[in-house]
Amino acid sequence: MAALSAALFVMPASAQETEAEDATNRLGTVTVTARKVEENLQDVPVSVTAFTGELLAEKGVVEVADIAAFTPGFTTREANSNSTALVFSLRGQLQNDVLATLDPSVGTYVDDVYWARAYGLNFNLLDMESVQVLKGPQGTLFGRNTTGGALVFTSAKPDASAISGKGSVTLGNLNAQVYEGVLNLPVVTDRIAVRAAVRQSNRDGYITDLISGEEYNDRDITNARLKVLIAPHDDVELILSAEVYDEDMNGPGYGTIFGTGLTGAFLAGISPVPPVGPIPVAVPGYTDVVNSSGGDSVALDGDPFLTATAQTYSGVLNWDIGPGTLKLVAGDRRISSRTRTDLDGFAFPAGAGDSLHITTTVLDLSQTSFEAQYAGQGMNDRLQYVMGGTWFEETGFDATLTDLRVVPNPVILRFFGDVDTKSIGLYGQGTYDLTDRLRATVGLRYSEDEKGITTFNGNSIAGSDVFVSCSGGQAPPNCAETYSDTYDDLSYTFGLDFKPTANTLVYGKFSHGYRSGGQNLRLNGTADLDFDPETVDEFEAGFKGDLADNRVRFNVSAFTNKVKDAQRSIIVVVGSGNATVVQNAAEMTNTGLELEATVIPAEGWTLQGSAAVIDTSYDEYVDAGQDVSDRRIIGVPESEFALAATYERPLSFAKFMARIDYAWRDSYYNNELAPSAPASTPALQEAITAPASDVLNARLGLSFENGWDVSLWGRNILDDRSKLTGLYLGNFGYVSGRFREPATYGVTASYRFGAE
């Protein structure tokens, strides 16, 4: 099956935008670190979309979802089981589940530290200096699990030269209150400095429970970061960082958005008075089962909740040792999450106080990593190179408990797993100036992963913790199985780039990427315990140019990639319930085009846009002996576009700023259906498809010379309530879903001093 993905939006400035001599009429230089060293975006033969901290503040961006909306070819959504965990899709590569045994296809790096799990990331854009989205396989420099690309987040660094700071208060509808503060404090001038940042975000829910009156999908998030800069010498710099993230939510509020015909006999175990017909037949006591409120209301009986915490500690040492720079990066990250989700989304029967389908998840993971990197030049500065090595370990516990009050017996499906992953990598990449305008790049990386798991997969009777049957090959009472596997791969890249003029670049490159294999945490007795690594071979060609006397910036890239053993999460039947297992699709192909542009048509005006198209299809896919290569590929919109316009004008008392941006995204598929699912039913296909969406944002602001700023803003002004997820639970006969947040609006007042 084929899909198109297009996104038209902002050509954001990235890591660092220098002041041009005529800032209102010329585009400044954009500095990125896509190749582990600082370079001008327009000189880098890599497709990159990036944002400065200034632009993030200008747009009011605090969520990674906003970054995705404004990046061509990149989509993100909250995981079905945990809204604080994100699922990314880039260039047809995606991770459709957030289990500890399934690695992502888009790698996440925060202050040079690899985050194996994107828990707590969505609302964690606190005091950011830059955000960069690198597209295509990045395995040579960034390692395994970057077959789709990499997200690179860099928080603001302490400044030892002068004191500075900023603070803001935001008030909005839904009783939204956001308080943020940043303080940069030199301890020893030019040698030691401390930078602290904290944000507290609260908001009421927007989904009402018709039974209890509870409001779901509220927000209570605290995140804070402390960074210390120590520079004992001009050539040595050490940055220590500690950050915490804490989230509590009443919810999420799922609703049943489609019924396929669930029989009364199947539900006999839930109530002494079962329904006499299939959902959604209106029977007294069972009416309004299918949610038609568009996400405004539900009728739950499972008391849903979410809590998540994360602590991240890191140290980065940069040492200029003459011919090159040595960088040492050490990181330690710990995440903990607890959720309870009422997936059926209705009280069944109304007022009975019992539950049909409740899922509880428990996750505790710790990771430790270390990287040594050396970057330098040679051969009379015609060769620029980077080389290094990495070590990574992750251990912990992941569990899912599904409470099913159905016949023949009400049961609890229990899927537990103790995981232990170790990984090493060695890499090197160099760029050689063949002439003054022609360069060649070659890179190579060796990766080795050792993964071990002990699973406890079985069923217990409701109200008991004792296994009465096992989902895997073992027998009660413990239902335990222990396995380990080792995977390795050589990732590589090579390419040429040519500068026809000083302000244009043409490039072509080939990359091979690797996504580690693993073991299934959830077993159903038929699925393979382990799944193979996924590999991607991609060719990309592109053009970058600053035109019209630096008033127009236009970047375009075309790519095609071949994915072998693509890892896909499939919903299968386990006893009387469902579980998600990972299996390898034989082969798939993605071909696309991406472009970004920025235009300064007149003084004070900036117009921005970007676009991407991608055609995706399975070349070969056999599931349970059936050819399913015509399946739609999930998580890839057929098309998107977005536009933005910014106007700035100095006034006698302040600087005025107005910004409006609009993003439209076509529909995309949410679920991989097992062969037994009635995939040909148009109504079911529609239910598990996220429909097209359009989001309009606007912002008006005044920036005063005395440091005060005030802005009025609105997000999702058109109040697009399109469905975000559609989770098909086949043997229960319904599709559960969530919807986009409603329109929000408010005012932000802030004060800054020093260099902020």
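Only the coordinates and a few stated rules stand behind these numbers; no lab work does. Source: prediction; values computed, not measured. Cβ sites come from the backbone with ideal geometry, for glycine too, and all protein chains shown count toward neighbours.
With a cut-off of at most 15 other beta carbons within 10 Å, and DSSP calling the residue loop, which trypsin sites (Lys or Arg not before Pro) in the range 25-57 qualify? Please list them.
Those that pass, being in a loop and sparsely packed, are Arg26.
Distance in nm between label sites at Thr325 and Thr189, each 7 Å beyond Cα in the beta-carbon direction?
2.6 nm
Measure of size requested: the Rg and Dmax of the range 40-176, with Cα atoms as the atom set and Å as the unit; please supply both.
15.8, 47
Once the other residues with Cβ under 11 Å from the Cβ of Met128 are scored (Lys, Arg +1; Asp, Glu -1), what is the net sum?
-3
Can you grab the distance from the C-alpha centre of the range 496-521 to the C-alpha centre of the range 615-653, Å, no decimals?
That distance is 20 Å.
Could you size up the charge dipole of the range 16-753 around its Cα centre, putting +1 on the beta carbon of Lys and Arg and -1 on that of Asp and Glu, and report it in debye to the nearest 20?
580 debye
Output the peptides 701-713, 220-232 sorted from most to least packed, where packing is the average of other Cβ atoms within 10 Å over each peptide's residues.
220-232, 701-713
For every other residue with a beta carbon closer than 9 angstrom to the beta carbon of Ser447, add +1 if it is Lys or Arg and -1 if Asp or Glu, then tell me the sum.
Once all neighbours under 9 Å are counted, the net charge is -2.
Past the 30 Å Cα-Cα mark, which pairs from Lys157/Lys451; Lys36/Lys544; Lys36/Lys499; Lys157/Lys723; Lys135/Lys422; Lys327/Lys451?
Beyond 30 Å: Lys157/Lys451; Lys157/Lys723.
Quote the charge dipole size of the range 497-559 about the Cα centre in Debye, to the nearest 20; the model charges only the Cβ of Lys and Arg (+1) and of Asp and Glu (-1).
Using Cβ point charges on Lys, Arg, Asp and Glu, the range 497-559 gives about 400 debye.
Find the eigenvalues of the gyration tensor of the Cα atoms of the range 16-753, then list the square roots of 5 times those eigenvalues as equivalent ellipsoid semi-axes, largest first, in whole angstrom.
The equivalent ellipsoid of the range 16-753 has semi-axes of 43, 30, 25 Å.
Using 1/(1 + (r/R0)^6) with R0 = 22 angstrom and r between the beta carbons of Asp235 and Asp381, what's the FRET efficiency to the nearest 0.05?
Here the calculated transfer efficiency is 0.70.
On a full-extension model of 0.36 nm per residue, what is the gain between Asp436 and Thr681, subtracting their alpha-carbon distance, rounded to one decimal in nm?
Stretched out fully, the Asp436 to Thr681 stretch lengthens by 82.2 nm.
Based on the Cβ-Cβ distance of Ile660 and Val466, what FRET efficiency does E = 1/(1 + (r/R0)^6) give at R0 = 41 Å, to the nearest 0.05?
About 0.10, to the nearest 0.05.
Among Val563, Asn520, Val194, which residue has its Cα furthest toward the positive end of the charge dipole of the range 16-753, with +1 on Lys/Arg Cβ and -1 on Asp/Glu Cβ?
Value: Val194.
Name the residues whose placed amide hydrogens come within less than 5 Å of the amide hydrogen of Leu210, ignoring near sequence neighbours (fewer than 5 apart) on the same chain.
The list, which skips near neighbours in sequence, is Val298, Ala299, Leu300.
Put +1 on the Cβ of every Lys and Arg and -1 on every Asp and Glu Cβ in the range 16-753; which of Phe153, Ser105, Thr395 then has its Cα farthest towards the positive end of the dipole?
My answer, from the dipole projection, is Phe153.
Run the quick spin-label model on Thr222 and Val747: label points 7 Å from Cα toward the beta carbon, then report their separation in nm to one decimal.
Placing both labels 7 Å beyond Cα along the Cβ direction yields 2.8 nm.
Can you tell me the FRET efficiency between Ile717 and Thr454 if r is taken as the Cβ-Cβ distance and R0 is 56 Å, rounded to the nearest 0.05?
With R0 = 56 Å, the Cβ-Cβ based efficiency is 0.65.
With the crude spin-label approximation of a point 7 Å out along Cα→Cβ, what separation in nm comes out for Phe498 versus Lys562?
2.6 nm
Kindly rank 499-507, 132-140, 602-610, 65-73 from highest to lowest mean number of other beta carbons found within 10 Å of each residue.
Packing proxy ranking, top to bottom: 132-140, 65-73, 602-610, 499-507.
State log₁₀ I(q)/I(0) for the range 109-173 at q = 0.14, 0.15, 0.25, 0.29 Å⁻¹ as given by the Debye formula over alpha-carbon point scatterers of equal weight, solvent excluded.
Debye intensities relative to I(0), on a log10 scale: -0.57, -0.63, -1.16, -1.37.
Quick check on packing: order 189-202, 412-425 by the mean number of other C-beta atoms within 10 Å, highest mean leading.
Top to bottom by mean Cβ count within 10 Å: 412-425, 189-202.
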